[in-house]
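K.L.:
I have a structure here, written as structure tokens, and I will follow up with some questions on it.
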Amino acid sequence: MRSRVAAWTRPVLEPTPVSMRRLALAGVIANTVIMSTGAAVRLSASGLGCPDWPQCSAADVVASKNAGQTLLNTWIEFGNRLLNFPLVIIAALIFIAAWRFRPDGPAGRGTGRQRDLVWLGAAQPLGVVAQAVIGGIVVLTKLSPAAVSVHFLVSAAVLAAAVALHMRCAQGGLGGKVSPQEQGGSGGDRSPRDNTVRRDLQLIAAALVAVTCVMLAAGTVVTGTGPLAGDAGVPRYKLPLEGVTQLHADIGWLLAGLSIALVLGLRLSGAPRRAVRAGWIMLAALGAQGVIGYVQYFTHLPAGLVWVHVTGSVLVWIAVLRLFFTVRERGPVNTARTGPAVTAPSRQPEPLDR
């Protein structure tokens, strides 16, 4: 039994680069799921399925029939609350592993922890705690649109920290030894690394992240203005729906222009295949998201399609972040020694005839 417990806890208490990558990926998946199910709560008009916090109602801890809500609405909202428990566990495991990780060996044997991993690992459990508080405010204010917008955007920030941690691990940024695939050779100690993507393209990638943040914020305003704000009786933003929808679409077109420019720049500048591939993935996700957005608008915002659109925005956010971190990745510097220069033999002067 002791050996089994040790085997189960080793990936967290004595993390390796492989276990760190897997835990970081679990954090990305868990945060994506909680954002997607949170959108389902709002779009199914289940936002007040549990009208109290932290209990479901003043009389019940778990889901039960509440006045003005169907039992299905109550369980949808309560189910989203229950998903926070595995999210808390995963976030705690990530932080512990990041704290225990040592670049040069198992925990306790290396030379020191990596601060960036610790901070990115700590952001996730802290974000979950902050989201629990904000979620309580959302319920107690009866789905105030501003509180709901903040709730979604803080989730996007926590997801960004999870993606950053996973990319940090996946790019071989954990110090020590690297694999032959990461090294680009036969393995061994980490080689000097230099950036292989042009500076102007990195700036476009950073602008892409900023514009995506604005688009996510505008999307919360559109939802908080329209008919799917969480419940029929909840307050809305006092804004014209057509106007905020048009603004959201305009931001989407700006995002598309930047994306096309970046992908073409990466392709024509001879950027690494990894960066070009990440660019095409991001562009494909954005294109699909745009198509869904226009279809949902012209079909008068069916809840199921709007949920697909919101979930798609989360996937676009992940793709944009992955592209941003990929273009900033430092590739190995070519330090191979070349042989001595071969020069043409100088022509010897012919002896003079006597």
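K.L.:
Quick check on my filter: what residues within the stretch 293-317 are more than 30 Å from Glu329 (Cβ to Cβ), open to solvent by less than 70 Å² (accessible area, probe 1.4 Å) and out of contact with any Leu (no Cβ under 7 Å at 6 or more places or on another chain)?
P.N.:
Within the stretch 293-317, Gly293, Pro302, Gly304, Leu305, Val308, His309 qualify.
K.L.:
Let me ask something else. Considering every residue within the stretch 101-108, establish whether at least one is modelled with pLDDT under 90 and either among the aromatic types (Phe, Trp, Tyr) or assigned to a helix (DSSP H, G or I) (or both). Explain how you work it out, then say what you get.
P.N.:
Just the residues of the stretch 101-108 that are modelled with pLDDT under 90, to begin with: 101-108.
Now drop any that are not either among the aromatic types (Phe, Trp, Tyr) or assigned to a helix (DSSP H, G or I) (or both), which leaves 101.
Yes: the stretch 101-108 contains one or more residues that are modelled with pLDDT under 90 and either among the aromatic types (Phe, Trp, Tyr) or assigned to a helix (DSSP H, G or I) (or both).
K.L.:
Look at the stretch 48-87 and say how many of its residues are modelled with pLDDT of 80 or more, outside any helix (DSSP H, G or I) and open to solvent by less than 20 Å² (accessible area, probe 1.4 Å).
P.N.:
Within the stretch 48-87, residues that are modelled with pLDDT of 80 or more, outside any helix (DSSP H, G or I) and open to solvent by less than 20 Å² (accessible area, probe 1.4 Å) number 3.
K.L.:
Which pairs have Cβ atoms under 6 Å, sit 6 or more apart or on different chains, and link a residue in the stretch 151-172 that is farther than 19 Å from Arg81 by Cβ to one that is part of a loop (DSSP other than H, G, I, E, B) and open to solvent by 20 Å² or more (accessible area, probe 1.4 Å)?
P.N.:
Between residues of the stretch 151-172 that are farther than 19 Å from Arg81 by Cβ and residues that are part of a loop (DSSP other than H, G, I, E, B) and open to solvent by 20 Å² or more (accessible area, probe 1.4 Å), the close pairs are Gln171/Glu329.
K.L.:
Here is a further query. Just checking, does the stretch 216-224 include any residue being within 15 Å of the chain's Cα centre (by Cα) and either open to solvent by 50 Å² or more (accessible area, probe 1.4 Å) or modelled with pLDDT of 65 or more (or both)? Give the steps one after another, and end with the answer.
P.N.:
Here is the first cut: in the stretch 216-224, the ones within 15 Å of the chain's Cα centre (by Cα) are 216.
Pick out the ones that are also either open to solvent by 50 Å² or more (accessible area, probe 1.4 Å) or modelled with pLDDT of 65 or more (or both) and you get 216.
Yes - at least one qualifying residue is present in the stretch 216-224.
K.L.:
Taking the options Leu247, Leu239, name whichever one is assigned to a loop (DSSP other than H, G, I, E, B) and either buried (at least 18 other Cβ atoms within 10 Å of the Cβ) or not small (Gly, Ala, Ser) (or both). So that I can check it myself, show each step before the final result.
P.N.:
Details: Leu247 fails: assigned to a loop (DSSP other than H, G, I, E, B).
Selected residue: Leu239, the only one of Leu247, Leu239 that is assigned to a loop (DSSP other than H, G, I, E, B) and either buried (at least 18 other Cβ atoms within 10 Å of the Cβ) or not small (Gly, Ala, Ser) (or both).
K.L.:
So, one more: Is it the case, given these coordinates, that Arg22 is in a helix (DSSP H, G or I) and open to solvent by 60 Å² or more (accessible area, probe 1.4 Å)?
P.N.:
Considered against the rule, which asks whether it is in a helix (DSSP H, G or I) and open to solvent by 60 Å² or more (accessible area, probe 1.4 Å), Arg22 comes out as yes.
K.L.:
Taking interchain pairs and intrachain pairs at least six residues apart, which have beta carbon atoms under 7 angstrom, with the first residue in the stretch 204-227 and touching a residue at least 24 places away in the same chain (Cβ under 8 Å) and outside any helix (DSSP H, G or I) and the second surrounded by fewer than 18 Cβ atoms within 10 Å (Cβ to Cβ) and β-branched (Val, Ile, Thr)?
P.N.:
The qualifying pairs do not exist here.
K.L.:
Count, please, the residues in the stretch 257-275 that happen to be of a type in the set (A, V, I, L, M, F, W, C), out of contact with any Asp or Glu (no Cβ under 9 Å at 6 or more places or on another chain) and buried (at least 16 other Cβ atoms within 10 Å of the Cβ). Walk me through how you get there before you give the answer.
P.N.:
Of all residues in the stretch 257-275, those of a type in the set (A, V, I, L, M, F, W, C) come to 258, 260-264, 266, 268, 271, 275.
So of that shortlist, the ones also out of contact with any Asp or Glu (no Cβ under 9 Å at 6 or more places or on another chain) come out as 258, 260-264, 266, 268, 271.
Next, from what is left, pick out any that are buried (at least 16 other Cβ atoms within 10 Å of the Cβ): 258, 262-263, 266, 271.
Residues in the stretch 257-275 being of a type in the set (A, V, I, L, M, F, W, C), out of contact with any Asp or Glu (no Cβ under 9 Å at 6 or more places or on another chain) and buried (at least 16 other Cβ atoms within 10 Å of the Cβ): 5 in total.
This table checks each residue for (1) modelled with pLDDT of 95 or more; (2) in contact with a Gly (Cβ under 6 Å, 6 or more places away or on another chain).
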position	(1), (2)
Arg113	no, no
Ala132	no, no
Val139	no, no
Ala156	yes, no
Ala162	yes, yes
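K.L.:
So Ser259 clears everything in (1) within 24 Å of the chain's Cα centre (by Cα); (2) modelled with pLDDT under 80; (3) of a type in the set (Gly, Ala, Ser) except one condition, right? Which one?
P.N.:
(2)
The values are calculated or read from the model by the stated rules, or taken from the named source; none is laboratory data. Remember, it's a predicted structure, so these values are computed and weren't measured experimentally. Methodologically, a virtual Cβ is constructed for each residue, glycine included, from the backbone with ideal geometry; neighbour enumeration extends over all protein chains shown. For accessibility, only protein heavy atoms count, side chains too; no ligands or nucleic acids. Shrake-Rupley method; radii C 1.70, N 1.55, O 1.52, S 1.80 Å.
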